[in-house]
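The values are calculated or read from the model by the stated rules, or taken from the named source; none is laboratory data. Values in this document were obtained by computation on a predicted structure and should not be read as measured data. Methodologically, a virtual Cβ is constructed for each residue, glycine included, from the backbone with ideal geometry; neighbour enumeration extends over all protein chains shown. Note: accessible area is taken over every heavy atom of the protein model, side chains too, but ligands, DNA and RNA are not part of it. Shrake-Rupley method; radii C 1.70, N 1.55, O 1.52, S 1.80 Å.
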Amino acid sequence: AQTGSQNKNVGIVTYNDIETYAAIYAVWFSGYTFVPLNFKNPVDRNSTIISQAEIGVVLSSKDRGKTAECIDLNTVEYIFSTQQVSDAGELSIVERLPSDTLYILFTSGSTGLPKGVPISFRNVTAFIDAFFALNFNMNGNDRFLQMFDLTFDVSVACTLIPLLLGACVFTVPPDSVKYTYVLNLLRKYNITFATLVPSLLSYLFPFFDRIILPELKYCVLTAEASQQLLVEKWAKCIPNSEIINLYGPTEATIWCTGYKWTPENSKD
């Protein structure tokens, strides 16, 4: 779909369902830019994002009535339900240039107003190359956890990296109790690569003596400061896993620093 201004920025309401993920990749393959719109945001905040990004088309996996709870339908030219366009035919993949913008993420900014951060194909390619240069032992048989909201940049890493490997991705529904749902996924599906926030481990801390995840090979801690005692205790729950702390601001394309934790070289 095209807007009257031929703008390439397409808003996608980020319900964590298969239609939303399909819409993101369809937007990329079609040569457009993905702009996530959080369905939990107030209408005014999403309207500000739509205005700043000059979005004319919004895709949603829900009907217009549900979408109207988070989007002012008068601010966009077209609203499409992704479930209604499933029979659109074969997708023509558009070649992407290094300078093309793949997505724009809006952070709160120092003023509290949404601030858009454009990330190019070149940025994402450099990030992917740097990530694989860390020499993780991964392949299509691995199982990855994706626990992050799709308006948060880490979600890009948690979905794009496994898909490039041909591996499975296990996600967390937005209406679930996140820390218990994540633990159930780790156990039930023998997740081998998990990216977590330390605060989730804090919720699980009272149950550490009953948690053992021998299949987990890599545990990435990100987005928040990791407390030494918490990591030491968690390490006993994942005896066969490496623990890596990765960090980076949105402007640096997800992660730009890394630290491999071990009992011997850990620091307070």
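In table form, for the structure just shown:
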item	result
Pick from the range 1-42, criterion open to solvent by 50 Å² or more (accessible area, probe 1.4 Å) and of a type in the set (A, V, I, L, M), ranking: modelled with the lowest pLDDT	Ala1
So Glu264, is it modelled with pLDDT under 90, open to solvent by 40 Å² or more (accessible area, probe 1.4 Å) and more than 14 Å from Phe144 (Cβ to Cβ)	yes
The range 115-139 residues that are touching a residue at least 60 places away in the same chain (Cβ under 8 Å) and closer than 18 Å to Ala194 by Cα, paired with ones that are in a strand (DSSP E or B) and of a type outside the set (Phe, Trp, Tyr) (beta carbon under 8 Å, 6 or more apart)	Leu134/Ile244; Leu134/Gly258
Any hit, the range 35-44, residues being farther than 19 Å from Thr107 by Cβ and among the basic types (Lys, Arg)	no
Any hit, the range 193-200, residues being over 23 Å from the mean Cα position of the chain (by Cα) and closer than 27 Å to Asp129 by Cβ	no
Filtered residues of the range 43-72 (kept if part of a helix (DSSP H, G or I) and buried (at least 16 other Cβ atoms within 10 Å of the Cβ))	Arg45, Asn46, Ser47, Thr48, Ile49, Ile50, Gln52, Thr67
The range 133-178, subset touching a Pro at 6+ places or on another chain (Cβ under 9 Å) and β-branched (Val, Ile, Thr), residue surrounded by the fewest Cβ atoms within 10 Å (Cβ to Cβ)	Val169
Which numbered condition Val85 fails, given (1) open to solvent by 20 Å² or more (accessible area, probe 1.4 Å); (2) of a type in the set (A, V, I, L, M); (3) modelled with pLDDT of 85 or more	(3)
Per-region count, the range 127-185, residues in contact with a strand residue (DSSP E or B) (Cβ under 7 Å, 6 or more places away or on another chain), part of a loop (DSSP other than H, G, I, E, B) and among the β-branched types (Val, Ile, Thr)	1
Hey, Ile55 touching a helix residue (DSSP H, G or I) at 6+ places or on another chain (Cβ under 7 Å), within 13 Å of Val13 (Cβ to Cβ) and not polar (S, T, N, Q) or not	no
Residue ID - surrounded by the fewest Cβ atoms within 10 Å (Cβ to Cβ), chosen from residues in the range 186-202 that are assigned to a helix (DSSP H, G or I) and hydrophobic (A, V, I, L, M, F, W, C)	Leu200
Condition check for Glu54: of a type in the set (D, E, K, R), in contact with a strand residue (DSSP E or B) (Cβ under 8 Å, 6 or more places away or on another chain) and on the phi > 0 side of the Ramachandran plot	yes
